[in-house]
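Every number here is computed from the coordinates shown, using simple stated rules; none is lab data. The model shown is predicted, which means the values in this text are computed figures rather than measured ones. Note that we place each Cβ from the backbone using ideal geometry, even for glycine, and neighbour counts take in every protein chain shown.
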Amino acid sequence: MALSATEQEAILKKQIQDWTKELKRLADLIAAAKGGNCALVMISSTDADYADVAPELILEDVLRVNPHGWPDGFSIDLLNQST
């Protein structure tokens, strides 16, 4: 029996909620292990033009990184870098 589009959408929404909850748990563990304040974020584009854009470029656009690179004083670790 095939699932309807609505049922498939509901299942995917639930999976995303579960995975996001797990990512939040892991972020808490990482922050605690680092022993200091850190911001661990998930950035999702709402613009269709970003559908095929590498995560690194999305991050740079969101943070408005200038052509000279990341600001001093920060260590940036993008967990889902493109290959």
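Quick notes on this one:
- Of all the options Ala48, Ala39, Ala27, the one that moves most in a Gaussian network model of the chain with Cα springs shorter than 10 angstrom is Ala48.
- In summary, the lysines within cross-link reach of Lys34, defined as a Cα separation below 19 angstrom excluding same-chain residues under 8 places away, comprise Lys24.
- Förster radius 22 Å - calculated FRET efficiency between Trp70 and Ser44, Cβ distance, rounded to 0.05: 0.55
- Options (1) 15.7; (2) 16.1; (3) 13.1 - which one matches Kirkwood radius over Cα pairs in Å as calculated here: (1)
- Sum of -39500 (n - 2.57) over DSSP H runs of 4+, divided by residues of the chain (222 nm, nearest 500): -16000 deg cm²/dmol
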